[in-house]
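S.K.: Okay, handing you the structure first.
The values are calculated or read from the model by the stated rules, or taken from the named source; none is laboratory data. Since the structure is predicted, the reported quantities are computational estimates derived from the model, not experimental observations. Cβ placement follows ideal geometry from the backbone for every residue including glycine, while neighbour counts extend to all protein chains displayed.
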Amino acid sequence: MTTAADEKTSTLIIGVGNGWRGDDAVGLVVARRIQEKRLPHVRAIEQDGNPSALIHALQEAHAVFVIDALQAGASPGRIVRLDASREPIARDFGPSRGHSFGVAQAIETARALNQLPERLIVYGIEGKNFALGAPVSFEIEQAAEAVLDRLLQEI
């Protein structure tokens, strides 16, 4: 008899973002590049930041990596790596999408419900331009490549 734990993917990459808002698409960019590699036992998905969908997705794998844009006023392209399976995430992690409930709150809600995966790593990439219709900035494209390299090493 198989259990839900047996049916989990080994590794899940979740790219969070909005493809229409410039650098906010960086999580989607990384997820697409992982998909192109067709790695065994690795699945990559794209999400728009819906908290319920993110909480549900966290339960689909033993190891989950979330990639999202940051808007904290740091240098564009700065990469932050957090081990959310070991420590809480600050409430202000992620860009301002006009919602008070974002990636950090979804992860912390999953933690409170005891629904975190065994391993949960969050990568944030500091964005530069979040304007509607803007392309992903050059610095952010470079940071996406760096995160992709790190992910390939970690998985």
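Residues checked against (1) outside any strand (DSSP E or B); (2) modelled with pLDDT of 95 or more:
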site: THR2; (1), (2): yes, no
site: ALA5; (1), (2): yes, no
site: SER10; (1), (2): no, no
site: ILE14; (1), (2): no, yes
site: VAL26; (1), (2): yes, yes
site: PRO40; (1), (2): yes, no
site: SER52; (1), (2): yes, no
site: ALA90; (1), (2): yes, no
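S.K.: To continue, here is another question. Among residues belonging to the stretch 129-140 that are assigned to a helix (DSSP H, G or I) and surrounded by 15 or more Cβ atoms within 10 Å (Cβ to Cβ), point out the one that is farthest from the chain's Cα centre (by Cα).
M.R.: GLU139
To keep it simple, each residue is scored yes or no on (1) under 15 Å from the mean Cα position of the chain (by Cα); (2) crowded, with 22+ Cβ neighbours inside 10 Å.
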position: VAL80; (1), (2): yes, no
position: GLU118; (1), (2): no, no
position: GLY127; (1), (2): yes, yes
position: LEU151; (1), (2): yes, yes
position: GLU154; (1), (2): yes, no
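S.K.: Quick check on VAL30: is it under 12 Å from the mean Cα position of the chain (by Cα), among the β-branched types (Val, Ile, Thr), buried (at least 16 other Cβ atoms within 10 Å of the Cβ) and assigned to a strand (DSSP E or B)?
M.R.: no
S.K.: Assess whether SER52 counts as being more than 20 Å from VAL26 (Cβ to Cβ) and out of contact with any strand residue (DSSP E or B) (no Cβ under 7 Å at 6 or more places or on another chain).
M.R.: yes
S.K.: Ok, one more. Looking at the stretch 92-108, which of its residues are in contact with a helix residue (DSSP H, G or I) (Cβ under 6 Å, 6 or more places away or on another chain) and either at pLDDT 95 or above or not aromatic (Phe, Trp, Tyr) (or both)?
M.R.: GLY94, PRO95, ALA106
S.K.: Now a separate question. List, please: which pairs have Cβ atoms under 7 Å, are six or more places apart or on different chains, and start with a residue in the stretch 44-58 that is on the phi > 0 side of the Ramachandran plot and end with one that is outside any helix (DSSP H, G or I)?
M.R.: Matching pairs, first to second residue: GLY49/VAL16; GLY49/ARG97; GLY49/GLY102.
S.K.: A further question follows. With the structure loaded, tell me whether ALA61 is within 18 Å of LEU116 (Cβ to Cβ), touching a strand residue (DSSP E or B) at 6+ places or on another chain (Cβ under 7 Å) and at pLDDT below 95 or whether it fails that test.
M.R.: yes
S.K.: From (1) closer than 14 Å to TYR123 by Cβ; (2) crowded, with 16+ Cβ neighbours inside 10 Å; (3) not hydroxyl-bearing (Ser, Thr, Tyr), pick out the condition that doesn't hold for GLU60.
M.R.: (1)
S.K.: Name the pairs: first residue in the stretch 133-155 and within 16 Å of ARG78 (Cβ to Cβ), second residue aromatic (Phe, Trp, Tyr), Cβ to Cβ under 8 Å, at least 6 apart or on different chains?
M.R.: Going by the 8 Å Cβ cut-off, the qualifying pairs are VAL147/TYR123; ARG150/TYR123.
S.K.: Between residues in the stretch 21-39 that are at positive phi and residues that are part of a helix (DSSP H, G or I) and of a type in the set (A, V, I, L, M, F, W, C), which pairs lie under 9 Å by C-beta distance while being six or more apart or on different chains?
M.R.: GLY22/ILE140
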